[in-house]
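One structure is given below, encoded as structure tokens.
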Amino acid sequence: MPKQIHSYEVLRRPIVTEKSTALAATGKYVFEVAPGANKPQIQEAVERAFEVRVSSVNVMNVRGKRKRRGRVLTTGRDWKKAIVTLQAGDQIQLFEGV
């Protein structure tokens with residue numbers, strides 16, 4: 001049985017890139033989510049936070065990027081990404097007027 005996470009702790013931040021902005025035009029929104037969150041928890045969190053209806057959730061684990069500082073090789077932190085598809089007619093206003 002998965003660990004229960006409060007719905008306000010599931011969503012960490014929206015991912016705003018060129019690719020995610022293009023997806024937003026088709027009704028798909030990208031978020032960084034808690035590593036222990038599953039699809040039903042993510043769906044509930046988005047529906048509660050933005051008062052929309054979610055039709056599907058796709059989740060992926062993103063590995064941290066490797067970087068070199070001189071001779072030292074470091075790795076960024078791993079994180080979890082969710083692509084949330086909304087039902088037709090629903091929309092999330094992340095940045096109004098930008």
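The values are calculated or read from the model by the stated rules, or taken from the named source; none is laboratory data. Treat the numbers as computed from the prediction; the structure is a model and nothing was measured. Methodologically, a virtual Cβ is constructed for each residue, glycine included, from the backbone with ideal geometry; neighbour enumeration extends over all protein chains shown. Side chains included, ligands, DNA and RNA excluded: accessible areas come from the protein's heavy atoms. Shrake-Rupley method; radii C 1.70, N 1.55, O 1.52, S 1.80 Å.
So is A88 aliphatic (A, V, I, L, M), outside any loop (DSSP other than H, G, I, E, B), on the phi < 0 side of the Ramachandran plot and in contact with a strand residue (DSSP E or B) (Cβ under 9 Å, 6 or more places away or on another chain) or not? Step through it out loud before you land on a result.
Working: aliphatic (A, V, I, L, M): yes; outside any loop (DSSP other than H, G, I, E, B): no; on the phi < 0 side of the Ramachandran plot: yes; in contact with a strand residue (DSSP E or B) (Cβ under 9 Å, 6 or more places away or on another chain): yes.
Taking the combined requirement at face value, the residue does not satisfy it.
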Residues of the range 1-15 satisfying the condition of being touching a helix residue (DSSP H, G or I) at 6+ places or on another chain (Cβ under 9 Å), under 19 Å from Q93 (Cα atoms) and not in a helix (DSSP H, G or I): L11, P14
May I ask you to list the residues in the range 25-39 that are in contact with a strand residue (DSSP E or B) (Cβ under 8 Å, 6 or more places away or on another chain) and of a type outside the set (S, T, N, Q)? G27, K28, Y29, V30, F31, E32, V33, A34, P35, A37, K39
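I'd like the residue in the range 15-29 that is touching a residue at least 60 places away in the same chain (Cβ under 8 Å) and within 16 Å of M60 (Cβ to Cβ) and, out of all such residues, is most open to solvent (accessible area, probe 1.4 Å).
In the first step, residues of the range 15-29 are kept if they are touching a residue at least 60 places away in the same chain (Cβ under 8 Å); the result is 15-16, 23-24, 27, 29.
This time we only want the ones that are within 16 Å of M60 (Cβ to Cβ), so: 15, 23, 29.
On the way: I15: 26, L23: 50, Y29: 16 Å².
For the range 15-29, the residue satisfying everything is L23.
Looking at this structure, is K67 part of a strand (DSSP E or B) and closer than 24 Å to T21 by Cβ?
Working: part of a strand (DSSP E or B): yes; closer than 24 Å to T21 by Cβ: no.
Taking the combined requirement at face value, the residue does not satisfy it.
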Hits in the range 50-98 (condition: under 18 Å from Y8 (Cα atoms), surrounded by 10 or more Cβ atoms within 10 Å (Cβ to Cβ) and either in contact (Cβ under 8 Å) with a residue 40 or more places away in the chain or acidic (D, E) (or both)): F50, V52, W79, K80, K81, A82, I83, V84, I92, L94
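Of these, E32, E47, which one is in contact (Cβ under 8 Å) with a residue 40 or more places away in the chain, out of contact with any His (no Cβ under 8 Å at 6 or more places or on another chain) and either open to solvent by 30 Å² or more (accessible area, probe 1.4 Å) or in a strand (DSSP E or B) (or both)?
Numbers: E47 fails: in contact (Cβ under 8 Å) with a residue 40 or more places away in the chain.
Of the residues listed, the single one that is in contact (Cβ under 8 Å) with a residue 40 or more places away in the chain, out of contact with any His (no Cβ under 8 Å at 6 or more places or on another chain) and either open to solvent by 30 Å² or more (accessible area, probe 1.4 Å) or in a strand (DSSP E or B) (or both) is E32.
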